[in-house]
Each structure stands twice: as structure tokens, then as C-alpha cells.
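S.K.: Here it is, the structure in full.
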Amino acid sequence: MKKNNPINKYVLVIIFLALFAIISIFLISITEHRSDANMNNKSNSEKLTTKNTEDSSSFEETTSYNPADSAIEEMSTVPSGDAAKHLIDFDADFPYQIRVNRTQNYVIIYGIDKNGRYSIPYKGFMCSVGKDVKDTPTGSFKTSDYYPWRLMVDGSYAQYAIRINGSIMLHSIPYYSAHNDDLESEEYNKLGSNASLGCVRLNINGIKWIYDNCPKGTPVTIYDSDSEVPPVKIKKVKKIDLNDERANWDPTDPVAGNPWKDGKETDESEEYMEYPSETTSNKNNLETTSKNNSETTSKVKDKSVSKTTSKKDLETTTK
């Protein structure tokens, strides 16, 4: 019978230990590699999270942009009125917006800036809204039909009538007939107070400027604010002496033959209207502007304006 060789046993043990060591080293290497990978992933994840946070913050800053903020910042250094005319984007389809403060009976014309916001206060006019203020609707509208003369519901006539909402129009002080020298002078003297049947009345100086410069489709906003200070100065309207032989003319009418013009007299007061608090900042005005008028220019194919008198023009309209 053959005996086992003890040397062979030792060899087997050594081989077994060597294999065990190799396997252990291999497993340790794999564990360290996975640990390093996890750490790298964690680091990358932290970097990605930081980047996403920064991107999110940047996105929030972008999406929370308020047009009023820029407008307010601009208005702190930018002039209004004629001094700001160069800031208006006259290439826009509708370079102006008409805003009517129903509570205080004035109209402010805002110009559109290069960013498409109506943020530039340009002109201001006194007006008269409805005797019953509710007859003049608040809201956002657009100008549509334009009439050089328009027959009103009570049989009077108005110059430069511009439809904005159904029977509601912007127009001149009423006339007894469709003639420049037949003005209802008592109504002229009511400018700045509630006087109409719902339309918005202006003197010829104001309504003709709108008629000539604001094309069909111009945005109109009518709103209430008893605390707003207009961002542009508004001249007082000089009342007509009813005993004056020229009383049947609108003193601001530029038509040839107007005796007020021929007499070289001032047709508008050089005094300005006073409002609740001249220390009120433009910020409140611009926040209201942005809230009610974040409209930007829109492309409209039909930019033509009907300004011819016809039988249809003699249909009755709210005065």
C-alpha cells in the first residue's frame, strides 16, 4: 500500500493560501473602486444640484420679471411729456395707449417703449365722463370707427368721434349742429367734471390729437383712481365767457376762421391742474399702468381708419 507524501499536502496548503490571498486582494480592489465611484457620483450629484439650484434661481429671477419694475426704474431718471418723445417706439403698430381716469376726469397718453410696454407718459388732457359715472364703462378696449362728425343720441353732434365700445365713444364737446361755430358752450365749461351720457368728452385740442395720431386698434383703458397723481402735467381748461360773442366756438379748434385764433388770445390756461398729492411717487402710477396695461404691440393687417362722412355717420350714438 502506497503512503501519502506530506510534501504534497504542504504544496496544496500553500496553493490554497495563495488563491485565498489573490481572491481577497481582488475583492478589496473591487470594494475600493466602488467606494471611489460612489464618492465621485456624490460629488457630481452635489455639483449638479448646485448648478440646478443656480439655474433655478436664475430661472425664477427671469420668470418673476415685472414690467413695472423696469418702468419704475426708468421713470426715476427718464423725463415725461415732450422730453420723452424720443423714447417712444414709433415703428410699433400702435405707438400710443389711451388711459382714462374715470374718477378724476383726465386722459393720459402713454407711449410704447422699445420693450413693447406702454411705460412713457407723453400727453395729458382734461375730459368729462358720464354724469352717472357707471354709464362710462371701465375696462380695456380698442378704437374702431372714426367719424369727423357724428350725430349723437340726443340730437347734438360731435367732432372727431372715435368708437371704443358699442355706443361709447371719445369725442369733442357737443355741438347744436355739424358746424364748428355752433358749440354747446355751457357743456365746454364742464370739462373736468362728470357731464356726458357715457362717452368721454375732450376739447378739440385733445380729441383731434388722438384722432390724428392714434390709429384704428389703439388700446384704450378706462379705470378708477382717486389718489393717482398724473405722471404728466395737465393744463386747466380756460372757461368760456358765455356772453362773449365767440362763445359758440371751441377756443382750441385750429380750423380757419376760429375767432379765438384770429384774436391771438390764449385758448388754454397756463395754469396746471392740482391733484391730491404732488409728492406721490410715479411708482404707484406705473404699477397701475403695468397691471392694467401689460399689452405689447400686435400685428394687425387692417390699419386703415374710416374718416369720411356718410349717411351712416348720422346714426345716433351715446352723447
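S.K.: Which one is farthest from Asn180 (Cα to Cα), of the residues in region 143-160 that are among the charged types (D, E, K, R) and touching a Lys or Arg at 6+ places or on another chain (Cβ under 8 Å)?
M.R.: Filtering region 143-160 down to residues among the charged types (D, E, K, R) leaves 145, 150, 154.
Still in the running and touching a Lys or Arg at 6+ places or on another chain (Cβ under 8 Å): 145, 154.
On the way: Asp145: 21, Asp154: 18 Å.
Selected residue: Asp145.
S.K.: Being surrounded by 15 or more Cβ atoms within 10 Å (Cβ to Cβ), out of contact with any strand residue (DSSP E or B) (no Cβ under 7 Å at 6 or more places or on another chain) and either within 20 Å of Pro148 (Cα to Cα) or at pLDDT 95 or above (or both): is that true of Asn203 here?
M.R.: Values: surrounded by 15 or more Cβ atoms within 10 Å (Cβ to Cβ): yes; out of contact with any strand residue (DSSP E or B) (no Cβ under 7 Å at 6 or more places or on another chain): yes; either within 20 Å of Pro148 (Cα to Cα) or at pLDDT 95 or above (or both): yes.
Judged against the criteria, Asn203 is a match.
S.K.: Moving on to the next point. Among residues belonging to region 182-198 that are assigned to a helix (DSSP H, G or I) and of a type outside the set (S, T, N, Q), point out the one that is surrounded by the fewest Cβ atoms within 10 Å (Cβ to Cβ).
M.R.: Taking the candidates together, the pick is Glu186.
S.K.: In a loop (DSSP other than H, G, I, E, B), assigned by TED's automatic domain parsing to the domain that holds Gly130 and crowded, with 19+ Cβ neighbours inside 10 Å: does that describe Val237? If you could, list the steps in order and put the result at the bottom.
M.R.: Numbers: in a loop (DSSP other than H, G, I, E, B): yes; assigned by TED's automatic domain parsing to the domain that holds Gly130: yes; crowded, with 19+ Cβ neighbours inside 10 Å: yes.
Against the criterion (in a loop (DSSP other than H, G, I, E, B), assigned by TED's automatic domain parsing to the domain that holds Gly130 and crowded, with 19+ Cβ neighbours inside 10 Å), Val237 qualifies.
S.K.: Which ones in region 146-161 are touching a helix residue (DSSP H, G or I) at 6+ places or on another chain (Cβ under 9 Å), more than 22 Å from Tyr223 (Cα to Cα) and of a type outside the set (Phe, Trp, Tyr)?
M.R.: Matches in region 146-161: Pro148, Arg150, Leu151, Ser156, Ala158, Gln159.
S.K.: What residue, among those in region 133-164 that are surrounded by fewer than 17 Cβ atoms within 10 Å (Cβ to Cβ) and on the phi > 0 side of the Ramachandran plot, is nearest to the chain's Cα centre (by Cα)?
M.R.: First pass over region 133-164, keeping only residues surrounded by fewer than 17 Cβ atoms within 10 Å (Cβ to Cβ): 133-135, 137-140, 144, 148, 153-155.
Remaining after also requiring on the phi > 0 side of the Ramachandran plot: 139, 155.
Numbers: Gly139: 13, Gly155: 36 Å.
Applying the filter and picking the extreme gives Gly139.
S.K.: Within region 79-91, count every residue that is within 9 Å of Asp113 (Cα to Cα) and among the aliphatic types (A, V, I, L, M).
M.R.: Counting residues in region 79-91 that are within 9 Å of Asp113 (Cα to Cα) and among the aliphatic types (A, V, I, L, M) gives 2.
S.K.: Can you report the number of residues in region 144-178 which are closer than 16 Å to Gly198 by Cα and in a loop (DSSP other than H, G, I, E, B)?
M.R.: Final tally of qualifying residues: 10.
The values are calculated or read from the model by the stated rules, or taken from the named source; none is laboratory data. Since we're looking at a predicted model, the values are computed, not measured. Glycine also receives a Cβ, built like all others from the backbone with ideal geometry; neighbour counts cover every protein chain displayed.
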